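Shown next, in structure tokens, is the structure this report addresses.
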Amino acid sequence: MAVIYLRLSKRHNELGRNEIILTFRQGSTIYQRSGTEIFILNKPIYWDGEKMVLRARMMTDEVRYHREMKVKLENLCSAITKEWEQTDRKNISPTWLKDVIDRFNHPEKFEADAEQVIRKTNVTSIFIEYMKKHKVSENREKHMLVVVESVPPF
């Protein structure tokens, strides 16, 4: 079972807020750590050792900001868990966690990649669909990818 740990970085930005560092661990084989680009104040009313809390009663701008960051952090953790469930364990790269966080924080970067996938030819999509549905050997998959890459786009 995968576990996500959170901690505050010692470094802080120009507003005095510390970044939340996320550590993803799966057994003894996968251990990755990355910054989340979520910054909060290191005060007991916002951070309780391992998790983000909101103990403030008055709705100030600072409390609203931290409430938004808490929701963003919860959504990020859900996105990481969902991505982990959908990812083939053989395809986990050393930068997997950083890539997932980057995709969550900056989806506009990856929209161009999605458009390129849509523009693929029918032959290409058929090959890829076939490889997903049928368990083919690694060598056969490599051969099929060579064929797919050699087909000119229409």
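Can you tell which of ARG55, ARG11 is assigned to a strand (DSSP E or B) and modelled with pLDDT under 90?
None of the other options fit; the residue is ARG11.
Tally the residues that are in contact with a strand residue (DSSP E or B) (Cβ under 7 Å, 6 or more places away or on another chain) and either at positive phi or not aliphatic (A, V, I, L, M) (or both), restricting the search to region 12-36.
Total meeting the criteria: 15.
Pairs under 6 Å by beta carbon, first residue more than 15 Å from ALA79 (Cα to Cα) in region 1-16, partner at pLDDT 90 or above and in a loop (DSSP other than H, G, I, E, B), six or more apart or different chains?
Close Cβ pairs satisfying both conditions: none exist.
Looking for something over 20 Å from ILE80 (Cα atoms), outside the structural domain of ALA79 (by TED's automatic domain parsing), modelled with pLDDT under 80 and of a type in the set (Gly, Ala, Ser) - is there at least one such residue anywhere in region 113-127?
The answer is yes, given that some residue of region 113-127 is over 20 Å from ILE80 (Cα atoms), outside the structural domain of ALA79 (by TED's automatic domain parsing), modelled with pLDDT under 80 and of a type in the set (Gly, Ala, Ser).
Can you tell me which residue within region 41-69, out of those that are within 20 Å of the chain's Cα centre (by Cα) and not acidic (Asp, Glu), is farthest from ASN13 (Cα to Cα)?
The residue in question is LYS51.
Please determine, by comparing only the residues of region 30-52 that are assigned to a strand (DSSP E or B) and among the small types (Gly, Ala, Ser), which one is surrounded by the most Cβ atoms within 10 Å (Cβ to Cβ).
Of the residues in region 30-52, the ones assigned to a strand (DSSP E or B) are 30-40, 47, 52.
Right, trim to among the small types (Gly, Ala, Ser) and you get 34-35.
Details: SER34: 18, GLY35: 14.
In this case the residue turns out to be SER34.
Give the residue that is farthest from TYR5 (Cα to Cα), with candidates limited to residues of region 78-94 that are in contact (Cβ under 8 Å) with a residue 40 or more places away in the chain and surrounded by 11 or more Cβ atoms within 10 Å (Cβ to Cβ).
We begin by selecting, within region 78-94, every residue in contact (Cβ under 8 Å) with a residue 40 or more places away in the chain; these are 80-81, 84, 92, 94.
Restricting the remaining residues to those that are surrounded by 11 or more Cβ atoms within 10 Å (Cβ to Cβ) gives 80-81, 84, 92.
Numbers: ILE80: 12, THR81: 12, TRP84: 15, ILE92: 19 Å.
For region 78-94, the residue satisfying everything is ILE92.
The values are calculated or read from the model by the stated rules, or taken from the named source; none is laboratory data. Being a predicted model, the structure only gives us computed values, none of them experimental. Here Cβ is always computed from backbone atoms with ideal geometry, including for glycine, and neighbour counts include all displayed protein chains.
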